[in-house]
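Report on one structure; see the data block that follows.
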Amino acid sequence: ANFVDESRLGESGWKARDYGSPYVQRDVVMGGGLDSLMKEYVKGLDWVLRYYYAGCPSWGWYFPFHYAPFASDLAHFVNKQTLPTTPKGAHIDDTLSADFELGKPFSPLEQLMAVLPAASAHALPPKCRNLMLSKDSPIADFYTDDVDVDPNGKAMPWLHVVLLPFVDENRLVQAVRSLPADDVDVSFQTTHDSAMIFAPRNHSLSANRLTAVVQEDPNALVLAG
């Protein structure tokens with residue numbers, strides 16, 4: 001009821017008001033500036049297209065901002081980067097597309113550690129819960145409850161921008177892999193030619209519900225009740 005739209009998109013001066021928001025300003029500065037915002041957004045478009053047409057181009061790349069640029073600014077940036085020096089007939093990817101480093105994907109456990117909040121720590125093995133919940137954890141800052149939420153011109157809270165900290169891949173992997181192997185539940189281990197599904201015997205994923213699948217291909221699933 002007390003919401004006030006500070007951006008007022010579409011009204012005179014809307015772009016300056018939006019970029020002038022303290023939240024947006026901080027985000028842009030921390031990410032390296034407006035040119036970096038534009039470049040990384042174009043890189044993100046490139047990543048998505050490559051992902052769907054050729055496979056994952058990089059497991060470690062992420063968009064290092066919480067906000068997207070305006071389309072008009074993005075168009076101006078692309079034209080500025082390509083038109084003056086681009087040979088006739090060349091494509092945008094000749095000048096703007098970055099070389100992606102393929103890297104390696106997270107393990108299932110590392111992926112969960114990267115996306116789950118501390119409130120879901122119970123879904124992880126005990127020692128991994130400590131990485132989320134302990135103040136002495138080397139990655140405790142990934143799971144802070146002190147997070148700003150930007151209304152960003154929207155009255156409804158589910159449309160607000162939650163300014164979560166970005167996860168440092170190297171720190172996360174180092175923290176998880178520093179745990180003794182016996183402390184990491186085997187239910188998170190996978191191989192290239194099989195997958196493990198762990199469920200209570202009375203759960204809908206229990207073995208009796210998946211018997212037909214197992215009979216078709218004995219190597220497709222390894223089940224534990």
- Item | Positions within the stretch 14-54 being free of Cβ contacts under 8 Å to residues at least 40 places away in the same chain and in a loop (DSSP other than H, G, I, E, B), in sequence order | G20, G32, G33
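With open to solvent by less than 70 Å² (accessible area, probe 1.4 Å), at pLDDT 90 or above and in contact with a Cys (Cβ under 9 Å, 6 or more places away or on another chain) as the only criterion, which of V167, V176, V149 stands out?
V176
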- Does R50 satisfy the criteria of being over 21 Å from L163 (Cα atoms), basic (K, R) and at pLDDT 90 or above? yes
- Residues of the stretch 98-131 being open to solvent by less than 50 Å² (accessible area, probe 1.4 Å) and either at pLDDT 90 or above or among the charged types (D, E, K, R) (or both), which ones? G103, E110, M113, A114, L116, A118, S120, A121, L131
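Going through V176, V115, V161 one at a time, which residue ends up being closer than 30 Å to A16 by Cβ and within 19 Å of the chain's Cα centre (by Cα)? Give the derivation first.
Numbers: V176 fails: closer than 30 Å to A16 by Cβ; V115 fails: closer than 30 Å to A16 by Cβ.
After applying the criteria, what remains is V161.
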- Query: Any idea which of L131, L102, L116, L109 is farther than 30 Å from S7 by Cβ, of a type outside the set (S, T, N, Q) and touching a residue at least 60 places away in the same chain (Cβ under 8 Å)?
  - Reply: L109
- Query: Filter the stretch 2-15 for residues that are polar (S, T, N, Q) and surrounded by fewer than 12 Cβ atoms within 10 Å (Cβ to Cβ); which is nearest to P165 (Cα to Cα)?
  - Reply: N2
- Message: When you check L83 against the structure, is it open to solvent by 90 Å² or more (accessible area, probe 1.4 Å), modelled with pLDDT of 90 or more and aliphatic (A, V, I, L, M), yes or no?
- Response: no
- Query: Yes or no: A68 closer than 28 Å to L159 by Cα, assigned to a helix (DSSP H, G or I) and either open to solvent by 30 Å² or more (accessible area, probe 1.4 Å) or modelled with pLDDT under 90 (or both)?
  - Reply: no
- Query: Hey, does the stretch 89-97 have a residue that's modelled with pLDDT of 90 or more, part of a helix (DSSP H, G or I) and under 25 Å from the mean Cα position of the chain (by Cα)?
  - Reply: no
- Looking across the stretch 16-53 at residues that are over 28 Å from E101 (Cβ atoms) and in contact with a helix residue (DSSP H, G or I) (Cβ under 8 Å, 6 or more places away or on another chain), the single one that is surrounded by the most Cβ atoms within 10 Å (Cβ to Cβ) is V24
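The values are calculated or read from the model by the stated rules, or taken from the named source; none is laboratory data. Source: prediction; values computed, not measured. Reconstructed Cβ throughout: ideal geometry from the backbone, glycine too, with neighbour counts over all protein chains shown. Side chains included, ligands, DNA and RNA excluded: accessible areas come from the protein's heavy atoms. Shrake-Rupley method; radii C 1.70, N 1.55, O 1.52, S 1.80 Å.
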